[in-house]
Amino acid sequence: MVLTFTEAGIYCPAADAHIDPWRPVDRALITHGHSDHARWGHRRYLATEAAAPVIRHRLGDITLQTIRYGERLKMGDATISYHPAGHVPGSAQIRVEVGGEVWVVSGDYKTTPDGLSEPFEPLRCHAFISECTFGLPIYRWPDEATLAREINGWWLETRAKGQTAILGVYALGKAQRVLRLLDPSIGPILTHGAVEATTEVLRAQGIALPATIPVTQALDLKTHRGAMVLAPPSALGSAWMRKFGPVSTGFASGWMRLRGVRRRRAADRGFVVSDHADWAGLNSAIAETGAEKIFVTHGYTAQFAQWLRAQGYDAGIVQTEFGGETLDDTPETEVPE
Amino acid sequence: MKDFAALFTTLDQTTKTSVKTAALAEYFRTAPEDDRLWTVALLSGRRPRRSITSTRLREWAAERAGISLWLFEACYPVVGDLSETIALVLPPPATQIEKSLTGWITALRALDKADDPTRKDFVFTAWDGLAPTERFVFNKLITGGWRMGVSQKLMTRALAQATGIDEAELTHRLMGDWSPDRITWDGLITAPDPAADLSRPYPFSLAHPLEDAPETLGPVTDWIAEHKWDGIRGQLILRGGDHHLWSRGEELMTDRFPELAQLTDFLPHGTVIDGEVLAWNNAADTPLGFSSLQPRIGRKTVPKKLLTDAPVIVMAYDLLEWQGADIRDWPLSRRRATLATALFDLPLGLPLRLSPPVPAQDWTDLAQARATARDIGAEGLMLKRAASPYLPGRRRGDWWKWKLDPLTIDAVMIYAQAGSGRRATLYTDFTFAVRDGEALVPFTKAYSGLTDAEFREITAWVRKNTTDRFGPVRAVRPEHVFEIAFEGIQASPRHKSGVALRFPRMARWRRDKPVAEANTLDDLKAMLAQYG
């Protein structure tokens, strides 16, 4: 087996390295900086150059080696390379080749370009380990133009009512993607500290993003009525939010596709924005790998594996501790877990 | 249907009742009359008769989406709503059909006599010509069961705003057996004829649970106390030589309780009684448990054996109409005195009796009567202000339910299942077990009582502690103990544990208790012996 599944995570015996492990290990190959994939406590880390700044920002003083997309690295008897996953800036699928047999770990991915992340690169392989966070046919994402129209439309409407728009977004990836969809001619864009910190890290590595104004104690909110505020989901409904006066709240997530979830969030508006592949994306990505063996990790694993088997794949389920796109109120942590 | 779909979207996007009311009122002012009338009908639970089964809809949706039926079925519990599941799996629409709400309803009803291929063709064409929200609305018109986040009360308030008619008066006008087919907007809303619908009930008055000490209600002499019976609330209407029985959910239940027909021979025309329908043990002169009543609720025609096994009576506690006059503004003491007189001369054995007042010198007497209520098959006491009129809806102040504290048992969670609708992404439906030696015996399910935060926490735990899966149900490590509260317990051969609970819910997450300290099957049996 090129890769095996252990208590600590996905393991490559030939390289003696783990991929996105959830227990402390000697050598961790990290697909991207989200906290359920890049955890604290490993002795050595390997990530893409573009993912490294955020990982350093979040995990602090770690031993982190970087790798360019497509660069082939010999590790024991294995050859390792990282390829764009289209999930967030710097995110990667990890390709592992041992004795001519190729396995690919998708990490989190999406197949449609978001104008921010390096576009997803389909890889041929023998075995593909795929996420399936949204692995049911009810999930279909709108295109970026539709999203931009909906979000800016809501902002204009909110502004016309003299209210401030507060949009709940995850600090890494979605916040910056939404930033690029916003029309800065409508008004000022304000950011919660957690969002601003990650945005600043990405700006520093050369990613062009519209100007934002961090919300600080010193900022006079009265002069910014009608602004768009990007905040982590946990800030919606918090004491922090109340200082903006009259607001309209929105939440950006793939789960907003479901009416029940939209209503449970009790946000005024839900926007269907996800950095994970939708049903069509998952199916096309898997078909393009040419792989016969598919392992599904997190999401609707039972249903999606059954579907894949019905399509003729040899599909199995792997229990992992990846969270996918979580709806829980726990914000993405800026500190080690 | 675009304007109706837009109304739906507006209502769906806000949780503020003021915004909802304003949007609805605007719709009632501007929409065509027939669409308005249908909207009132839909929002008060009067859906058009179903011409297409949900089985067909599921098959057709899977076919149109190009997926297998099992996969469609796997999507349904995640979404929690059939109409929405269909709307989500279908490919985007190719055309745009313009048709009003009434137009669609009429077209759907015309399918009543059509054959299957015609129906399928109609549905496919509709799906292909409707925008996503309209599609969802269209599916809802077929499957029924509307909510739209609008209560009947809110709808009535919007209607009052739009028409200038008093809200309480509108509430009454909207009650009863009407349908947009047989009535006009004017006939229902603006200029109704009271004689047109002899079966029309009055809006029910509802009680609040008493949370403070009863002494806070003032002198006991201001109050009339009676037992809180555990049956089905019903309004018995005797008008024009006929009788009608309405449930609190405004469902006509007359045919389910044929033994009440004889009452028309004994009570005068123009009598409306509010009371509780109870299955009654004539020999012991006590109520049979609620579980005896259950088989009678489910069926439209009643076999003879059931009539003998579970005969029903109406336990009357209020009089709303007497000799053809609406007497709801009389004080309760006078209404009850009139009711007592009316029932006094009835021959014994009729399925109608007066819910006897519980006499009391002071609140201590009532506390005692409440404590022993379970002995006569009641759930506690009702306290009603003697001077109060009969007001519609649930208001604070005049009617209180003073229920017994629930029974409780500490149980171990062993299975979990995701909820539906707004709880589709959370594990909310759990099965609980009691200990029996080393074994765990499941005895009840419960799905309410925890906070959203607790549900999120237990959901994360369930994901990591699943030991087995049976379809949507997950077996979990037996680690967590919950205090289960319930209102009653009865023997049940259908359950493995031999008992069935009434209104079980999670009262508390007992994080302090290890599984070894959860209650046992013997404890449960002891409760059955005492309260069953």
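Based on what the data block shows, is B:Arg474 outside any loop (DSSP other than H, G, I, E, B), more than 14 Å from every other protein chain (Cβ to nearest Cβ) and either open to solvent by less than 50 Å² (accessible area, probe 1.4 Å) or touching a helix residue (DSSP H, G or I) at 6+ places or on another chain (Cβ under 9 Å) (or both)? No; evaluated as a whole, the condition is false for this residue. Only one of the numbered conditions (1) surrounded by 16 or more Cβ atoms within 10 Å (Cβ to Cβ); (2) within 12 Å of chain A (Cβ to nearest Cβ); (3) not in a helix (DSSP H, G or I) is not met by B:Arg469, and that is (1).
Here is a yes/no grid of residues against (1) closer than 25 Å to B:Arg200 by Cβ; (2) open to solvent by less than 50 Å² (accessible area, probe 1.4 Å):
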{"site": "B:Thr271", "(1), (2)": "yes, yes"}
{"site": "B:Trp280", "(1), (2)": "no, yes"}
{"site": "B:Ala283", "(1), (2)": "no, no"}
{"site": "B:Gly289", "(1), (2)": "no, yes"}
{"site": "B:Ser292", "(1), (2)": "no, yes"}
{"site": "B:Arg296", "(1), (2)": "yes, yes"}
{"site": "B:Ile327", "(1), (2)": "yes, yes"}
{"site": "B:Pro347", "(1), (2)": "no, no"}
{"site": "B:Leu352", "(1), (2)": "yes, yes"}
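Taken together, B:Gly397, B:Gly380 contain a single residue that is of a type outside the set (Phe, Trp, Tyr), away from chain A (no Cβ under 14 Å), surrounded by fewer than 18 Cβ atoms within 10 Å (Cβ to Cβ) and touching a residue at least 12 places away in the same chain (Cβ under 8 Å), which is B:Gly397. Does B:Ala126 count as within 12 Å of another protein chain (Cβ to nearest Cβ), surrounded by 17 or more Cβ atoms within 10 Å (Cβ to Cβ) and within 28 Å of A:Asp278 (Cβ to Cβ)? The answer is no for B:Ala126. Those strands (runs of 3 or more DSSP E) of the stretch A:59-129 in which at least 3 residues are under 16 Å from the mean Cα position of the chain (by Cα), considering only elements entirely within it, cover A:92-98.
Let's see how each residue does on (1) of a type outside the set (Gly, Ala, Ser); (2) touching a residue at least 40 places away in the same chain (Cβ under 8 Å); (3) surrounded by 20 or more Cβ atoms within 10 Å (Cβ to Cβ):
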site	(1), (2), (3)
A:Trp40	yes, yes, no
A:Arg44	yes, no, no
A:Lys74	yes, no, no
A:Val96	yes, yes, yes
A:Val105	yes, yes, yes
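Residues that are modelled with pLDDT of 90 or more and open to solvent by 10 Å² or more (accessible area, probe 1.4 Å) were ranked within the stretch A:261-274; the one that is nearest to the other protein chains (Cβ to nearest Cβ) is A:Arg269.
Among the residues in the stretch B:84-92, are any under 28 Å from the mean Cα position of the chain (by Cα) and not β-branched (Val, Ile, Thr)?
Yes: the stretch B:84-92 contains one or more residues that are under 28 Å from the mean Cα position of the chain (by Cα) and not β-branched (Val, Ile, Thr).
Taking the stretch A:285-314 as the range and being more than 13 Å from A:Ile129 (Cβ to Cβ), at pLDDT below 95 and surrounded by 17 or more Cβ atoms within 10 Å (Cβ to Cβ) as the test, the residues that pass are A:Tyr300, A:Gln303. In the stretch A:145-161, the residues that are under 18 Å from A:Leu230 (Cβ atoms) form Cβ pairs under 9 Å with partners that are in a loop (DSSP other than H, G, I, E, B) and open to solvent by 80 Å² or more (accessible area, probe 1.4 Å), at six or more places apart or across chains, as follows: A:Arg159/A:Arg225.
Going residue by residue through the stretch B:34-55, is there one that turns out to be crowded, with 17+ Cβ neighbours inside 10 Å, in contact (Cβ under 8 Å) with a residue 24 or more places away in the chain and more than 27 Å from B:Arg182 (Cα to Cα)? No; the residues of the stretch B:34-55 include none that is crowded, with 17+ Cβ neighbours inside 10 Å, in contact (Cβ under 8 Å) with a residue 24 or more places away in the chain and more than 27 Å from B:Arg182 (Cα to Cα).
Which residues, counting only those in the stretch B:74-98, are open to solvent by 10 Å² or more (accessible area, probe 1.4 Å), within 8 Å of another protein chain (Cβ to nearest Cβ) and either on the phi < 0 side of the Ramachandran plot or at pLDDT 95 or above (or both)? Selection gives B:Ala74, B:Val78, B:Asp81, B:Glu84, B:Leu88. Restricting attention to the stretch B:159-193, the residues being touching a Ser or Thr at 6+ places or on another chain (Cβ under 8 Å) and closer than 22 Å to B:Pro389 by Cβ number 6.
Being touching a residue at least 24 places away in the same chain (Cβ under 8 Å) and either under 30 Å from A:His126 (Cβ atoms) or over 19 Å from the mean Cα position of the chain (by Cα) (or both) is a property that holds for A:Val261.
Just one of the listed residues (B:Arg119, B:Arg135, B:Arg109) is closer than 26 Å to A:Leu258 by Cα, among the basic types (Lys, Arg), surrounded by 14 or more Cβ atoms within 10 Å (Cβ to Cβ) and in contact (Cβ under 8 Å) with a residue 40 or more places away in the chain, and it is B:Arg135. Do we find a residue being open to solvent by less than 10 Å² (accessible area, probe 1.4 Å) and among the hydrophobic types (A, V, I, L, M, F, W, C) anywhere in the stretch A:116-123? No, the stretch A:116-123 contains no residue that is open to solvent by less than 10 Å² (accessible area, probe 1.4 Å) and among the hydrophobic types (A, V, I, L, M, F, W, C). Residues in the stretch B:169-226 that are in contact with an Asp or Glu (Cβ under 8 Å, 6 or more places away or on another chain) and within 22 Å of B:Ala373 (Cα to Cα): B:Val220 only.
The residues on offer are B:Val412, B:Val358, B:Val441, B:Val434, and the sole one that is farther than 20 Å from B:Phe486 by Cβ, of a type in the set (Val, Ile, Thr) and touching a residue at least 40 places away in the same chain (Cβ under 8 Å) is B:Val358. Taking the conditions (1) in a helix (DSSP H, G or I); (2) closer than 23 Å to B:Leu43 by Cα; (3) in contact (Cβ under 8 Å) with a residue 24 or more places away in the chain in turn, B:Thr156 satisfies each one other than (3).
Would you confirm whether any residue within the stretch A:225-236 is more than 26 Å from A:Leu116 (Cα to Cα) and out of contact with any helix residue (DSSP H, G or I) (no Cβ under 6 Å at 6 or more places or on another chain)? Yes, that holds for at least one residue. As a summary of the residue check, A:Phe244 satisfies the conditions (1) in contact with a helix residue (DSSP H, G or I) (Cβ under 8 Å, 6 or more places away or on another chain); (2) crowded, with 22+ Cβ neighbours inside 10 Å except for the one numbered (2).
Per-residue answers, yes or no, for (1) farther than 28 Å from A:Asp16 by Cα; (2) touching a helix residue (DSSP H, G or I) at 6+ places or on another chain (Cβ under 8 Å):
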| residue | (1), (2) |
| --- | --- |
| A:Val102 | no, no |
| A:Asp108 | no, no |
| A:Pro122 | no, yes |
| A:His126 | no, no |
| A:Cys132 | no, yes |
| A:Tyr139 | yes, yes |
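Matching residues to (1) in contact with a helix residue (DSSP H, G or I) (Cβ under 8 Å, 6 or more places away or on another chain); (2) not aromatic (Phe, Trp, Tyr):
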{"position": "B:Ile183", "(1), (2)": "yes, yes"}
{"position": "B:Ala191", "(1), (2)": "no, yes"}
{"position": "B:Thr216", "(1), (2)": "no, yes"}
{"position": "B:Trp223", "(1), (2)": "yes, no"}
{"position": "B:Gly240", "(1), (2)": "no, yes"}
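From the list A:Leu282, A:Leu230, A:Leu258, the one residue that fits, being open to solvent by less than 10 Å² (accessible area, probe 1.4 Å), within 14 Å of chain B (Cβ to nearest Cβ) and at pLDDT 95 or above, is A:Leu282.
Any idea how many residues of the stretch B:494-532 are aromatic (Phe, Trp, Tyr) and open to solvent by less than 40 Å² (accessible area, probe 1.4 Å)?
Within the stretch B:494-532, the first condition is being aromatic (Phe, Trp, Tyr), and the residues that meet it are B:503, B:509, B:531.
Filter again for open to solvent by less than 40 Å² (accessible area, probe 1.4 Å), leaving B:509.
Residues meeting the conditions: 1.
The values are calculated or read from the model by the stated rules, or taken from the named source; none is laboratory data. Source: prediction; values computed, not measured. Neighbour counts run over all protein chains shown; Cβ positions are idealised from the backbone, glycine included. Ligands, DNA and RNA are excluded from the accessible area calculation, which covers all protein heavy atoms including side chains. Shrake-Rupley method; radii C 1.70, N 1.55, O 1.52, S 1.80 Å.
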